[in-house]
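A.B. asks: Got a structure for you, questions after.
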Amino acid sequence: MKNISVALACYNEETNIVDCIEAAKLLADEIIVVDGHSRDRTAELARQQGAIVVEVPNKKMFHINKNIAIKNCTNEWVFVLDADERITEDLAIEIKKTLRKVSNEKGFWINRKNWFLGGYLTKGGAYPDAVIRLFKNGYGIHPEKDVHEQIAIKGPLGHITSPLLHLADPNFARYLERANRYTDETKRHFKEQKLAKNFPNTIYYVIIKPAITFFKIYVRHKGYVDGFRGFVWALFSSAHYFYAYSKYLTDKK
């Protein structure tokens with residue numbers, strides 16, 4: 001069996017880190033945690049769970065610390081994990097079976113299930129939310145350009161279907177907190193692009209873009225199948241550009 005390392009970058013994740021590492025042990029015999037000088041017990045708890053902890057300053061571009069974790073992994077294969085994600089027994093079994101017969105694949109897409117308003121989303125583009133997380137050591141790295149970027153893989157990719165569980169939004173308050181952070185990131189992109197603050201762009205980002213996004217999520221990708229949960233997901237996802245552009249429009253800096 002090919003050995004697997006799990007790589008995590010964390011900041012103030014004491015409520016997640018123990019469960020995350022315990023689940024990661026289903027798959028890995030080495031767990032690397034890069035802690036960005038958390039103000040809580042994240043690093044201490046990770047060490048108690050047997051993880052190798054590397055403490056560094058927290059970075060605005062979080063993928064920098066993820067790459068540090070990747071570079072500290074010593075096994076043949078690396079699985080990059082977030083503290084709010086959980087490896088299941090089925091996923092661990094499928095990965096181990098896949099790596100026993102791997103041919104020329106250097107990385108794998110992993111399906112991800114997202115928890116939202118008390119259940120997992122099944123439609124609306126939220127599932128299967130495929131992400132690149134598993135790769136042969138030395139063949140994958142984060143480009144460090146965007147908060148939602150995928151790991152760049154040097155070589156062909158396979159696909160593993162057993163889902164990784166994503167518990168990013170245990171409650172709606174947490175969802176709104178993350179949404180606020182992501183709209184700040186989009187506002188920053190607008191600023192870097194020097195997007196014109198004019199009437200056509202206002203109409204596009206306040207009305208047209210949200211309407212198109214809602215239609216795609218709720219109708220085209222069948223978000224309605226998830227009932228009220230799917231409606232709220234589509235509604236607030238469509239509002240992303242409205243909020244981001246409004247922040248950009250009123251930014252005096």
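We did not get these values from a lab; they are worked out from the coordinates using the rules stated. All values reported here derive from a predicted model rather than from experimental measurement. Quick reminder, even Gly has a Cβ in these numbers, built from the backbone with ideal geometry, and neighbours come from all protein chains shown.
A.B. asks: Excluding same-chain residues fewer than 8 positions from K252, which lysines have a Cα within less than 22 Å of its Cα?
C.D. replies: Leaving aside lysines fewer than 8 places away in the same chain, those within reach of K252 are K60, K187, K191, K194, K197.
A.B. asks: If I stretch the segment between S246 and E192 completely, what's the gain in nm (0.36 nm per residue apart, minus their alpha carbon distance), one decimal? Please report the intermediate quantities before stating the final value.
C.D. replies: Values: separation 54, 0.36 × 54 = 19.44 nm, distance 1.58 nm.
Working it through step by step, the gained length comes to 17.9 nm.
A.B. asks: Further question: Enumerate the calculated ³J(HN,Hα) couplings along segment 158-164 in order (Karplus 6.51 cos²θ - 1.76 cosθ + 1.60, θ = phi - 60°), each rounded to whole Hz, writing x wherever the residue is Gly or Pro.
C.D. replies: 3J(HN,Hα) across segment 158-164, in whole Hz: x, 9, 10, 8, 4, x, 8.
A.B. asks: Evaluate E = 1/(1 + (r/R0)^6) for Y204 and N72, where r is the Cβ-Cβ distance and R0 equals 41 Å; express this FRET efficiency to the nearest 0.05.
C.D. replies: Computed FRET efficiency for Y204 and N72: 0.40.
A.B. asks: Quick check: the distance between the Cα centres of segment 1-68 and segment 94-112, to the nearest angstrom?
C.D. replies: About 22 Å separates the Cα centre of segment 1-68 from the one of segment 94-112.
A.B. asks: Next question. Please list, ordered by chain and number, the residues whose modelled amide H lies under 5 Å from the amide H of R41; skip anything fewer than 5 residues away on the same chain.
C.D. replies: So R41 has HN proximity to E14.
A.B. asks: Also, I was wondering about something else. Relative contact order for segment 172-250: what percent, with Cα pairs under 8 Å and sequence separation of 6 or more?
C.D. replies: That works out to 44 percent.
A.B. asks: Give me the distance in nm between label points sitting 7 Å out from Cα along the Cα-to-Cβ direction at S162 and K222, one decimal.
C.D. replies: Reported label-point gap for S162 and K222 is 2.5 nm.
A.B. asks: Going 7 Å from the Cα of D146 in the Cα-to-Cβ direction, what parts of segment 168-198 have a backbone nitrogen less than 17 Å from that spot?
C.D. replies: Only 182-195 fall inside the zone, counting backbone N under 17 Å.
A.B. asks: Next question. Could you give the angle, 0 to 90 degrees to the nearest 10, between helix 172-193's Cα long axis and the longest principal axis of the Cα atoms of the chain?
C.D. replies: Helix 172-193 sits at roughly 70 degrees to that axis.
A.B. asks: Let me ask another. For an R0 of 22 angstrom, estimate the FRET efficiency from the Cβ-Cβ distance between F62 and L176 and round to the nearest 0.05.
C.D. replies: Here the calculated transfer efficiency is 0.70.
A.B. asks: Given a cut-off of under 8 Å on Cα pairs at least six residues apart, what relative contact order in percent is computed for segment 4-166?
C.D. replies: 25 percent
A.B. asks: Pick from S162, S38, S103: which residue has the top mean-square fluctuation in a GNM of the chain where Cα pairs under 10 Å get a spring?
C.D. replies: Per the Cα network of the chain with a 10 Å cutoff, S103 tops the list.
A.B. asks: FRET efficiency for K25 and I212, Cβ-Cβ distance as r, R0 = 45 Å, nearest 0.05? Show your work: numbers first, answer last.
C.D. replies: Values: r = 43 Å, r/R0 = 0.97.
Step by step, r from the Cβ atoms, then E = 0.55.
A.B. asks: Under the rule of at least 5 residues apart or a separate chain, name every residue whose amide H is placed under 5 Å from the amide H of I151.
C.D. replies: Amide H neighbours of I151: I132.
A.B. asks: To continue, here is another question. Using amide H atoms built in the peptide plane, which far-off residues or other-chain residues are under 5 Å from S5 H to H?
C.D. replies: N75, W77, V78, F79
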